[in-house]
Every structure is written in C-alpha cells, then in structure tokens.
Amino acid sequence: MDKAFNAPSGRPVRSTKEYIALEDTYGASNYKPLDVVLTRGEGVYVWDVEGRRYLDCLSSYSAVNQGHCHPKILAAMTEQAAKLSITSRAFRNDQLGLLYEELCALTHSHKMLPMNSGAEAVETALKVARKWGYEVKGVPAGAAEIVVASENFHGRTLAIVGFSTDPGSRAGFGPFAPGFRIVPFGDAAALEAAINPNTVAVLLEPIQGEAGVIIPPPGYLKRARALCTEQRVILILDEIQTGLGRTGTLLAEEHDGVEADLTLVGKALSGGFYPVSAVLSNREVMEVLKPGEHGSTFGGNPLACAVARAALRVLIEEDMIGNAARIGAYLLAALKNIRSNRIKEIRGRGLMIAVELYPDAGGARADAEALMQRGILCKETHGSILRIMPPLVITRDQIDEALPAFNAVLPG
Ligand SMILES: *Cc1c(COP(=O)(O)O)cnc(C)c1O
C-alpha cells in the first residue's frame, strides 16, 4: 500500500499525542479542541484512543440528541447506503417524499426544503424571504431588509457572518452583503422600531445557543410573532440547535406558543450520522421558489432522507423529548444546588443548560479541562460560560454519576 495511507478505521494506530500532532501539523487551526482524541461512542458516552470513557455533555452542539450511534438510525443508514445513496434532484427518489410527509406532519408545516448543513438552511431561508418580499409583499427591487439579533449565531457563510456581532466570526472577512439590521436580542421595542415597509423577515434563535443559552424575556417571541403578522414580515426561527427535543419540546417555539413562518432545523435531524438540514415553511412563502432557482447536489438525497426519517422516529418513539424535559429539570435543579461563589448564573430549558461564571473567576476553559479529567466532556463558550447539553437519552442514574464531578470542579 502507498505509504501515504494509514490503516483503515478500526483499532487506533497511534497515541493521543501523535493524533494531536498530526492535527496540529496538517490541519487548519480554526478550532481549539480539548486534547482528547475520541474513537468510539455509544449513547451518552464516548471513549478516547486510550480507552477512557467520558460522558458527552456537548452532544456535538446538539447534533447527537438521540445519543451516539443509535442502533436504529445506524440500521436505517447502512440499509439505505447499500441500496441507493444519491440520485441528485434531477430524478426523484423513494425516501424524499416520505421524509416530507413525516417531518411536515410532526411540525405542522405545509412545505419543506432539504439542505445539508445548518448554514445552508439559513441561507435558503434568507433567499426565500427576500424573493417573497419582492414578489408577494411588493418591496422595491434590491431594497429588502432582514432584521436579526445581536449575539446571534446562524453559521459561518459570508452572508451570515456579515450580520454577526461577534468580532471573531466577522473580522477580516468583509465586504459583506447589505440588507441586514441588527437589534438587541430580547428587546421587543427595538425590534418594532427596526421594522419598516421594506422589512421582509425577522430572523431569531428562540434561545441563543452559541451566545451561552440566552433565554429571551417572557413574551418576547410572542411580541415578535405579533409584529411580524401586523407588518407582513416573515418570522424565521432558527431551531437548528434548540429544535428536535433539546429544550423539552419538539421545537422551542412551543414554550412561547408561537409558530414561525419559516423554521430551520438541522443538527439532530440526522441523529449526528450525516449533515441534514431543512427549511420548514407555510405554503405561501415557499411557493415563490420555481425550478432552477435554488438547490443542492446532496440536499434531499435518499441516504440523508432515510437517516433523518429514522432519527425523527426514535426521537418520538423513545420519548426523548419528554425525557429532555424531565431530566433537564432534574439536572438544572441539581446544578443550582452547587455552592460556589464563582457561579454568576445557572440557566436552561430542557437539556440546554449553561453555567455562567463571573468574568474574573478564572475562565471556563480550565473547568472544561478539569471536567475532562473527571470523565465529562463539555466546552466553554465566550470565555466564562459552560454549556451542559448531554444527549436526550441520558438517565437520572447517569446524571447522578456525573454530579460529583461538577460539585468538585465548579467551586474552583
Ligand atoms: C450550529 C448552528 C447553525 C449552523 O449549522 P452548521 O451545520 O454548522 O452550518 C445555525 N444556527 C444555529 C442556531 C446553530 O446552532
């Protein structure tokens, strides 16, 4: 065999140190991961190449809500992969229609458009909203505006980072697309003031995940919904992280009793097996797209659809959403019991939880590293916030087993 190739996957062939050295030598350094090299996952646990077991408290930012390597999703994936993987949308396939039907029924949507990554779903929604604005609302050509929130996270493409307020995401990548207005998240009056006759859409996360699990004040999303309806503006909710059970309901919008015009899902839509995302829509908005106006080579392929169908089925059949609500409340209460004068706030909904430390409390990176030493993987965000988001299949016993580590580390 050519010496450029290592042994096929299976048994680890190198040590933790060697794998890290390979990544550091050849990889772009756009991430700063914890120094743990994982090789296997099952349910809420992952194992590193040295055989150590960890509780996954990040769930790949909510992509493995169903737990690692869920056997039923795996079976659907291998079965479909052996049968037909991709057709392109030049032809039809026997999985896409079934996914449409099942996901639309679950989410009370009329229409759906499949993509791959979350960012592509966001881009799709922005394109659809603008086109709707010109063709249906009658906004003058080129004048469409979309209102977004400060501290948003919607992905990494140029259009999206152009309306980020995070300097790290944005600096050095301009010039950016015009047509976006940024208002403070959670401030309904500011949102109202930003909407004008050229506004075509408001794009929000129901709970801001990357910003550190920021829950808007009660009534904010309801007010946003009402404003959008009154002013004839499309409400786009990015549920790529909050959706599919994470907060204890199928979609986080349910907590606020609202329905978006466009809902974006991704991440857990495939149970972590494959990039699958979707734009869910009411009929009027999605119908502005005509053949040839938008697409994706891999979007809607039969493998993606079969995986997504299985991922949705186990989410419902195994009551993972109910579990997220019950276990999430239990974990939140248990974390709130930790006595530590380093902790500024602990907040969350379902199994989307954040521990925010005081800015001068030494930073959360050291906590993430100390938790890793004790067999728990989570990641800091914004320097002083730890997100705790285990897979939705976690049990009370597994939480109880993990609590002593949090009790030992968080007091500092
Ligand atoms: C992760 C995420 C995205 C982007 O998804 P990718 O698959 O990484 O492109 C968009 N919006 C939210 C809220 C996210 O959490």
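The values are calculated or read from the model by the stated rules, or taken from the named source; none is laboratory data. For clarity, every value in this text was computed on a predicted model and none was experimentally measured. A quick note on method: Cβ atoms are made from the backbone with ideal geometry, for glycine too, and the neighbour counts reach across all protein chains shown. Side chains are part of the model used for accessible areas, which takes the heavy atoms of the whole protein and leaves out ligands, DNA and RNA. Shrake-Rupley method; radii C 1.70, N 1.55, O 1.52, S 1.80 Å.
Structure above, values below:
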quantity: Ranking by accessible area, most exposed first, for 346, 182 with a 1.4 Å probe; calculated: 182, 346
quantity: Rg and Dmax [Cα atoms of the chain; Å; Rg one decimal, Dmax integer]; calculated: 21.6, 66
quantity: When each of 111/137; 17/72; 17/267; 344/379; 222/379; 267/379 is checked by Cα-Cα distance, pairs over 25 Å; calculated: 17/72; 17/267; 222/379
quantity: Debye, to nearest 20: dipole size of segment 114-187, +1 on Lys, Arg Cβ, -1 on Asp, Glu Cβ; calculated: 200
quantity: In segment 343-412, the trypsin sites (Lys or Arg not before Pro) that fall in loop regions by DSSP, at most 15 other Cβ within 10 Å; calculated: 374
quantity: Given charges at Cβ of Lys, Arg, Asp, Glu: the chain dipole, positive-most of 15, 29, 163; calculated: 15
quantity: Whole-percent carbon and sulfur share, accessible surface of the chain, 1.4 Å; calculated: 54
quantity: For segment 244-305 and segment 308-385, distance of Cα centres in Å; calculated: 25
quantity: Full-stretch length increase - residue 24, residue 39 - with 0.36 nm per residue and alpha-carbon distance subtracted; calculated: 3.6 nm
quantity: Considering only the chain, percent of DSSP beta bridges that pair antiparallel, nearest 5; calculated: 65
quantity: Cα-based shape type of segment 1-49, given that a ≥ b ≥ c are square roots of the gyration tensor eigenvalues and the cut on a/c is 1.5; calculated: oblate
quantity: Cα centroid separation, segment 16-66 to segment 200-228 (Å); calculated: 32
quantity: Dipole moment magnitude, nearest 20 debye, the chain about Cα centre, only Lys, Arg, Asp, Glu C-beta charged; calculated: 240
quantity: List 185, 5, 163, ordered by accessible area with a 1.4 Å probe, largest first; calculated: 5, 185, 163
quantity: Selection of trypsin sites (Lys or Arg not before Pro), segment 1-99, meeting DSSP coil and at most 12 other Cβ within 10 Å; calculated: 3, 83, 92
quantity: Sequence-distant aspartates and glutamates (8 or more away, or on other chains) whose Cα lies within less than 12 Å of residue 131; calculated: 145, 284, 287, 293
quantity: Chymotrypsin sites (Phe, Trp or Tyr not before Pro) restricted to DSSP loop in segment 88-139 with at most 11 other C-beta within 10 Å; calculated: 91
quantity: Value at 222 nm in deg cm²/dmol, rounded to 500, when DSSP H runs of n ≥ 4 in the chain each add -39,500 (n - 2.57); calculated: -10000 deg cm²/dmol
quantity: Relative contact order (percent, whole number), segment 41-94, Cα cutoff 8 Å, 6+ residue spacing; calculated: 31
